[in-house]
Structure formats: C-alpha cells, structure tokens
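The values are calculated or read from the model by the stated rules, or taken from the named source; none is laboratory data. The model shown is predicted, which means the values in this text are computed figures rather than measured ones. Using ideal geometry, Cβ is built from the backbone for each residue, glycine included, and neighbour counts are taken over all protein chains shown. Quick note on the areas: whole protein, heavy atoms, side chains included, nothing else; ligands and nucleic acids left out. Shrake-Rupley method; radii C 1.70, N 1.55, O 1.52, S 1.80 Å.
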Amino acid sequence: MVETLVLAGLFKDRTRLRLQRLDLLGDHLQLGAKPAAHHLVGLVDLARKVDQTEARCQTAYRVGRAVIGALSFLTVLGTARAPDERTFRWFPIVGGLIGAVLGALWWGLAEITSPGLAAAVVIAADLAVTGMLHVDGLADSADGLLAHLTRERRLQVMRAPDIGAFALAVVPTVLLVRWAAVGSQAVEPLVLA
C-alpha cells in the first residue's frame, strides 16, 4: 500500500513536469518563433527535473519490489516468489518488523492474561505469520542431519515433504523451550524485535 502511494506520487510529479515541458515547447512551435534563450534554459531545467523524478520513481519501484519480495517470502502476506539479491538486503528489517509486532502483541497480552498464555499465543502468532517457514526448515534439518546417512541420502531426506522421527522429537522440544523462555522472563517487547 505504501509503495503504491509513493509510486503514484512520483508518477504524478513526473507527468506534471512532462506536461509543463510540452506546453512550453508547444507555445513556441505555435507561434512559429525561435525560442528565446531563457525559454531554452527553462526547457533544460524542466528536462533535468523530469529525469530526476524518473530516476526517483525507478529507485522507489525497485526498493518497493524488494521490500514486498522480502515480506512475501518471510511471511504469509502476498504471493511467495524466490528472493533475489536486493530482497535479501531487506530480510533483517522485515524480521525486525515481525519481531516488533510480536513484541507488541506479547506486551498487550501480558497485561490481560498470564505470562504463560501470552507466550503461547505469541509463539502461535509467530508460526502463523511466518507460515512456519523456520519450523519446516528445522524439521527438515533434524531429519537429514541427525540420522546416520550418506550425504546424498541426507539431501534426499531433507527435500522430502514428509517428516521423520527426528523432526517429531526436535520440533516440539524447540517450541517448548521457546515457550518456556518467553513465558519465564519479564515482558520486554523489544526482546522479540
């Protein structure tokens, strides 16, 4: 939404400047006169402003796509697509944003419920917002790396969509440790960010 508003504003500025440049040039062509030097300077300045606005618009578009790409890869928002180099740069910021939202949720819930319940809801919200991306990676890693297998077989196991005994042992253990860690400490929203 923010990207759309920024891009719409930049597009509006660029369009306005282009129309001004065309109006100035059109006035001189209708009169059949050669443009005066000060009018040419105005056209050059206008052309420079249009170019700068177009550059800002392109930069905002690239940044907006990278941020949206990071959000859609790391969360359930948007349509998932493979990240590129620009998207990777935004992963820490998107992760911090997710942590800040979860921290605010934790703080709000701790005011009205018990710390254990608040911790459980925050961990469930984290799993829901991230689409269990990290838990899936943890399960695959546990199945592939903890078993006594050859390298090729480990990679096959990690690619398989099903889970094994190691994942069934590791994932609940990690979730319980997370719940105990969050539920046992004083509420500090920035801890999760």
Near pairs, Cβ below 7 angstrom, 6+ apart or cross-chain, from the range 47-66 (closer than 27 Å to Gly78 by Cα) to any residue that is open to solvent by 100 Å² or more (accessible area, probe 1.4 Å): Cys57/Phe11; Arg62/Arg86; Ala66/Arg86; Ala66/Arg89
Verdict on Val135 being open to solvent by 70 Å² or more (accessible area, probe 1.4 Å), of a type outside the set (Phe, Trp, Tyr), within 28 Å of the chain's Cα centre (by Cα) and over 29 Å from Val63 (Cβ atoms): no
Among (1) over 24 Å from the mean Cα position of the chain (by Cα); (2) over 30 Å from Ser184 (Cα atoms); (3) modelled with pLDDT of 90 or more - the single one Gly116 does not satisfy: (2)
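Any residue at all in the range 70-80 that is among the hydrophobic types (A, V, I, L, M, F, W, C), part of a helix (DSSP H, G or I) and more than 19 Å from Thr130 (Cα to Cα)?
no
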Single residue of the range 139-156 satisfying the filter (buried (at least 17 other Cβ atoms within 10 Å of the Cβ) and of a type in the set (A, V, I, L, M)) that is nearest to the chain's Cα centre (by Cα): Ala139
Evaluation of Ala128 against (1) surrounded by 12 or more Cβ atoms within 10 Å (Cβ to Cβ); (2) under 18 Å from Leu74 (Cβ atoms); (3) aliphatic (A, V, I, L, M) (one fails), failing number: (1)
Members of the range 136-159 found to be without any contact (Cβ under 8 Å) to a residue 12 or more places away in the chain and among the small types (Gly, Ala, Ser), listed by number: Gly137
Only listed residue being at pLDDT below 90, open to solvent by less than 60 Å² (accessible area, probe 1.4 Å) and within 28 Å of Glu188 (Cβ to Cβ), chosen from Ala70, Ala60: Ala70
Answer residue from the range 98-110, given it is in contact (Cβ under 8 Å) with a residue 40 or more places away in the chain and either open to solvent by 40 Å² or more (accessible area, probe 1.4 Å) or within 17 Å of Leu74 (Cα to Cα) (or both) and is farthest from the chain's Cα centre (by Cα) among those: Trp107
